[in-house]
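One structure is given below, encoded as structure tokens.
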Amino acid sequence: MADLARLVAAIAARMAASTERGRVASYIPELAKVSGDHFGLVVATADGQEFAAGDADTEFSIQSISKLFALVEALAQHGDAVWRRVGREPSGGAFNSIVQLEAEGGKPRNPFINAGAIAVSDLITDPDDPRTGAGRILRLLRELSGAPTIAVDGAVAYSEAATGHRNAALAHFMKAHGILTGKVEATLSTYFHQCAIAMSCRHLARAGRFLMNGGIDPASGQRIISAEQARRINALMLTCGHYDASGEFAFLVGLPAKSGVGGGILAIAPGRASIAVWSPGLSPQGNSLLGTAALEELANAMGWSVFNPEL
Ligand code: GLU
């Protein structure tokens, strides 16, 4: 895979030189402090190799990428009962939209918009111990990436909670409709803390490996979720992983992927690779601008699209 090493280095060099970098998220004050100059890329391949370039080991706020691991945790705990609380359709709306929720009786469209993610957080939170939810996600991420130091960034969590009025509104609205069954405060605490988890591209790429491998973590041989659940999560990532730009991402890249407003994206080439990329500047829809460009280049060069007959 000498070619892949060269390709990853070349992509990182091109991205480092790019002058059109998007805008760093500013609606959560703590995220606005991050420099838009960063770029990191790690490709963890099915044969156990790792190709890294740029700021591969710098930690960043994983934000909505946590929604993926919260869903894994909820499916492992509750199985198909998860789908009584949250749907499986792309929303075509902004990540924090309220309007669709009201029109559809309080059941969120999918687990990757904020409302859906809060419903999932509710499922993994013990109402009497608000720390359980984020704790479960942390345990899973540490296990999958082999990095026991992964933690919540306290300043980001505080900033998230202090400015999270829209998310609180979504949660209370869903509570009124019986979609949330726990305590709203405990559920929101899980949500704010999971979004504030800090990870590097290297650890994120490692954490995604079970999704390229039918639900089994190739590093430990441990089954994390069933093969069917892994396939379905990949389908949701492809259709809903980039908010109202999910169609565009499928068009350009063609891989299941989940983005976060911290500028990270985790993408899965089934049977081939788990890829993490980070660049904090965002597109107007809240997805990493250079992260998307890098994935487009990588997927095209390697033929890694789920729509490629040879993948
Ligand atoms: N913590 C963010 C929020 O709820 C997550 C959004 C995102 O990454 O898209 O606003």
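The values are calculated or read from the model by the stated rules, or taken from the named source; none is laboratory data. Computed from a predicted model, the values in this text were never measured in an experiment. Virtual Cβ from ideal backbone geometry, glycine too; neighbours counted across all protein chains shown.
In table form, for the structure just shown:
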| quantity | calculated |
| --- | --- |
| Output for the range 73-88, where each listed residue is under 20 Å from Phe173 (Cα atoms) and not basic (Lys, Arg) | Val82, Trp83, Val86, Gly87 |
| Search result, residues across the range 160-188 that are among the hydroxyl-bearing types (Ser, Thr, Tyr) and crowded, with 21+ Cβ neighbours inside 10 Å | Thr187 |
| Enumerated helices (runs of 4 or more DSSP H) restricted to the range 80-152, each holding at least 3 residues that are in contact with a Leu (Cβ under 6 Å, 6 or more places away or on another chain) | 114-123 |
| Residues satisfying the stated conditions in the range 252-291, i.e. part of a helix (DSSP H, G or I) and within 16 Å of the chain's Cα centre (by Cα) | Leu289, Gly291 |
| Given (1) in contact with a helix residue (DSSP H, G or I) (Cβ under 9 Å, 6 or more places away or on another chain); (2) within 16 Å of the ligand (Cβ to nearest atom), number of the condition Ile216 does not satisfy | (2) |
| Any hit, the range 26-49, residues being within 16 Å of the ligand (Cβ to nearest atom), among the aliphatic types (A, V, I, L, M), loosely packed, with under 15 Cβ neighbours inside 10 Å and not in a loop (DSSP other than H, G, I, E, B) | yes |
| Yes/no for Arg231 being of a type outside the set (Phe, Trp, Tyr), free of Cβ contacts under 8 Å to residues at least 60 places away in the same chain, farther than 21 Å from Thr125 by Cβ and outside any loop (DSSP other than H, G, I, E, B) | yes |
| Residue in the range 98-108 that is closer than 17 Å to Arg84 by Cβ, buried (at least 24 other Cβ atoms within 10 Å of the Cβ) and at pLDDT below 95 present | yes |
| Of all residues making up the range 218-261, the number that are farther than 17 Å from Ala70 by Cα, of a type in the set (D, E, K, R) and surrounded by 24 or more Cβ atoms within 10 Å (Cβ to Cβ) | 0 |
| Filtered residues of the range 166-197 (kept if more than 19 Å from Arg84 (Cα to Cα), within 12 Å of the ligand (Cβ to nearest atom) and free of Cβ contacts under 8 Å to residues at least 60 places away in the same chain) | Ala168, Phe192 |
